[in-house]
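J.: The structure's right below; bear with me while I get my questions together.
Here, each number is a calculation from the coordinates, and none is a lab measurement. Keep in mind it's a predicted model, so treat the numbers as computed, not measured. Cβ atoms come from the backbone with ideal geometry, glycine included; neighbour counts cover every protein chain shown.
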Amino acid sequence: MNGFVYSIPTTIYFGDDQFDKLGEVVASYGSCVLLTYGGGSIKRTGLYDRIMGLLQAQGLSVIELGGIEPNPRIASVRRGAQMCKEGNVDVVLAVGGGSTIDCSKFICAGAKADRDPWDWFADKTTPIDDALPLVTVLTLAATGSEMDSGGVISNPETHQKEGRGAACLLPKASFLDPQNTYTVPPFQTAAGSADIISHTCETYFSQDKDLYFLDTFMEGLLRTVIKFAPIAMADPANGEARANLMWASSWAINGFADGGKTQAWSVHPMEHELSAFYDITHGLGLAILTPAWMRFVLAKDPDGTLPKLVQFAQNVFGITDPALSDLERANAGIDALQSFFVNDLKLAPTLTAIDIDDEHFEQMAEKACHKNPAIAGFVDLTPQDIVKIYKACQ
Ligand code: NZQ
Ligand code: ZN
């Protein structure tokens, strides 16, 4: 295994009894705040009023950017960065899911830069070395953006959805109150849970010799999401379920589970192309692609992938029947995951079911490789492989 450095300087305030510290924490970064949020859920839930009360109690001046889209657009980043520059903003407070938080990360960087923010995505070697401080209030357990240094931005004009990361984009503090997720509808709860599962799988499925401890950590995380996502869908105000999903969302992607792994993620680049072309919900695309990807890599490189897929079946879904061969166990694990997505989370089973046909498969497959010859992941995937995976999802 490779050595690694692990440092997460984001301070987490977890639970309702921590929430009233929000005003103080934001005020510690300055007196002028840009409050960012999405399409209005925070106004419907009353969270907006609570937050404004906490900010006003500190005498902070607040300007607002609402309307940040799911799959956030570069236009919103540009608008927010301009508002920061014109309003002499000291700190950005993002309230929402991954879309609002991601967009706010690049607003923070854009506020400190003399360039168009899309430059960072058009040429990923363009450095991102400074940003305003970001504080977040998470309202949807899914992306882990509240505790990681990355974000994903869409450019509808060019059909691009691109990610970047930089240490200066890490939130300074994130407020994780599970009660703020009680209003998340069942579909978004399901999609967010599929996203958490995918983040974990992208790291878990590796042919490297890894730390046993990290494998067991990820297996526990997967079992946690599988246990609590259906409960949260059926009983949205179930505090135990919401708390478990929220903390799992952060830990699936905050770098802890990586333990020095360097391999590329496989399913996310394929999904980002679906969202770029069809503006679908990220977690839904992942749920459709993941079982097909597992079946494909198992067939392409059985020797390399079988042991980990058997371990997954056994330790995540409890598939231990001694009458089954290793291959049957691996396939039973994949079937169990697909059944969880479709039957328990009620997510669409195929691309056809969400009206996506094969028109752009070749183009999306090329783009998913980001101009490299292949995705160098659990099993290397060429554009031709990726087309086959998309087709298997029809
Ligand atoms: O916009 P509002 O009105 O707030 O409604 C949102 C939105 O419609 C709603 N919602 C959020 N919290 C709610 C709520 N509705 C009721 N009650 C609440 N408490 O949910 C909808 C989806 O929100 P969004 O922020 O788009 O979802 P998510 O958190 O899944 O974020 C998805 C974005 O994050 C990117 C995805 O690609 C996608 O663009 N990702 C970011 C990552 C990262 N930063 O590390 C990694 C991920 O793999 C992912 O790519
Ligand atoms: Zn994701």
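J.: Could you give me the percent of Cα pairs per 10 Å distance bin for the chain, shortest bin first, beginning at zero and ending with the bin that holds the maximum distance?
T.: Taking every Cα pair in the chain, the percentages come to 5, 24, 33, 25, 10, 2, 0.
J.: Compute the angle between helix 186-204 and the longest alpha-carbon principal axis of the chain, please, reported from 0 to 90 degrees and rounded to the nearest 10.
T.: 70
J.: Based on the Cβ-Cβ distance from LYS346 to GLU69, what FRET efficiency comes out when R0 is 22 Å, to the nearest 0.05? Don't jump to the answer; show the numbers that get you there.
T.: On the way: r = 24 Å, r/R0 = 1.09.
Approximately 0.35, to the nearest 0.05.
J.: Once Lys and Arg get +1 and Asp and Glu get -1 on their Cβ, which of HIS159, TYR204, SER149 lies farthest toward the positive end of the dipole of the chain?
T.: Farthest towards the positive end: SER149.
J.: Kindly write out, for region 346-358 in residue order, the coupling ³J(HN,Hα) from the Karplus curve 6.51 cos²θ - 1.76 cosθ + 1.60 (θ = phi - 60°), rounded to whole Hz, with x marking Gly and Pro.
T.: 6, 8, 4, x, 9, 5, 4, 5, 10, 6, 10, 9, 8
J.: Got a sec? How would ARG44, ARG295, ARG242 order by Cβ neighbour count within 10 Å, fewest to most?
T.: On the way: ARG44 10, ARG295 18, ARG242 24.
The fewest-first ordering by Cβ neighbours comes to ARG44, ARG295, ARG242.
J.: Here is a follow-up. Please give the helix 326-339 orientation as an angle from the longest Cα principal axis of the chain, in degrees from 0 to 90, rounded to the nearest 10.
T.: 40
J.: What does the charge dipole of the chain about its Cα centre add up to, to the nearest 20 debye, if the Cβ of each Lys and Arg holds +1 and the Cβ of each Asp and Glu holds -1?
T.: Working: 29 positive and 48 negative charges, 87 e Å.
So the magnitude is around 420 debye.
J.: According to a simple spin-label model (label point 7 Å from Cα along Cα-to-Cβ), what is the distance in nm between LYS85 and ASN372?
T.: It is 3.3 nm.
J.: With each pseudo-label sitting 7 Å past Cα toward Cβ, what's the ASP123-CYS32 distance in nm, one decimal?
T.: 3.1
J.: Lys/Arg Cβ at +1, Asp/Glu Cβ at -1, dipole of the chain taken about the Cα centre: which of PRO373, PHE14, GLY53 is farthest positive-ward?
T.: Ranked along the dipole, the leading option is GLY53.
J.: Determine the gain in length on full extension of the stretch GLU359-HIS159; use 0.36 nm per residue of separation and subtract their C-alpha separation, reporting nm with one decimal.
T.: Numbers: separation 200, 0.36 × 200 = 72.00 nm, distance 1.40 nm.
So the extension gain works out to 70.6 nm.
J.: How far is helix 302-317 tilted, in degrees, relative to the longest principal axis of the Cα atoms in the chain, given as a value from 0 to 90 rounded to the nearest 10?
T.: Helix 302-317 and the main axis of the chain meet at about 70 degrees.
J.: Could I ask something else about it? Which value, in debye to the nearest 20, gives the size of the charge dipole of region 187-393 about its Cα centre, when Lys and Arg are +1 and Asp and Glu are -1 at the Cβ? Write down the numbers at each step before the final one.
T.: Numbers: 14 positive and 27 negative charges, 68 e Å.
Once rounded to the nearest 20, the dipole reads 320 debye.
J.: Calculate the spin-label point distance for ASP301 paired with ASP321, positioning each point 7 Å from the Cα along the beta-carbon direction, and give it in nanometres.
T.: 2.9
J.: Also, quick follow-up: Based on other C-beta atoms within 10 Å, arrange THR36, THR203 from fewest to most. Numbers along the way, then the final one.
T.: On the way: THR36 28, THR203 23.
If I rank by nearby Cβ atoms, fewest first, I get THR203, THR36.
J.: So what's the net charge close to ALA241: Lys and Arg +1, Asp and Glu -1, counting the other residues with Cβ under 9 Å from its Cβ?
T.: Working: positive: LYS227, ARG242; negative: ASP235, GLU240.
Residues near ALA241 contribute 0 overall.
J.: Right, another one. Would region 11-180 count as rounded, prolate or oblate if I go by the C-alpha gyration tensor, calling it rounded below 1.5 in a/c and otherwise prolate when a/b exceeds b/c, oblate otherwise? Please report the intermediate quantities before stating the final value.
T.: Numbers: a/c = 1.69, a/b = 1.46, b/c = 1.16.
Prolate.
J.: Kindly flag which residue pairs out of LYS227/LYS388; LYS43/LYS85; LYS300/LYS367; LYS112/LYS371; LYS43/LYS112; LYS209/LYS391 have an alpha-carbon separation exceeding 23 Å in this structure. Let's see the in-between values first.
T.: Numbers: LYS227/LYS388 32 Å; LYS43/LYS85 26 Å; LYS300/LYS367 21 Å; LYS112/LYS371 30 Å; LYS43/LYS112 29 Å; LYS209/LYS391 32 Å.
In this structure, LYS227/LYS388; LYS43/LYS85; LYS112/LYS371; LYS43/LYS112; LYS209/LYS391 exceed 23 Å between Cα atoms.
J.: Something else now. Using only the alpha carbons of region 187-393, what is the convex hull's orientation-averaged projected area in square nanometres? List each step's numbers first, then the result.
T.: On the way: hull surface 44.7 nm².
With the hull built on Cα positions only, its mean projection is 11.2 nm².
J.: Follow-up. Arrange the following residues from fewest to most other Cβ atoms within 10 Å of their Cβ: GLU273, GLU146. The partial results should precede the final answer.
T.: Details: GLU273 24, GLU146 30.
By the 10 Å Cβ count, ascending: GLU273, GLU146.
J.: How long is region 113-154 along each principal axis, judged by its Cα atoms, biggest number first, in Å?
T.: So the three principal-axis extents are 31, 21, 14 Å.
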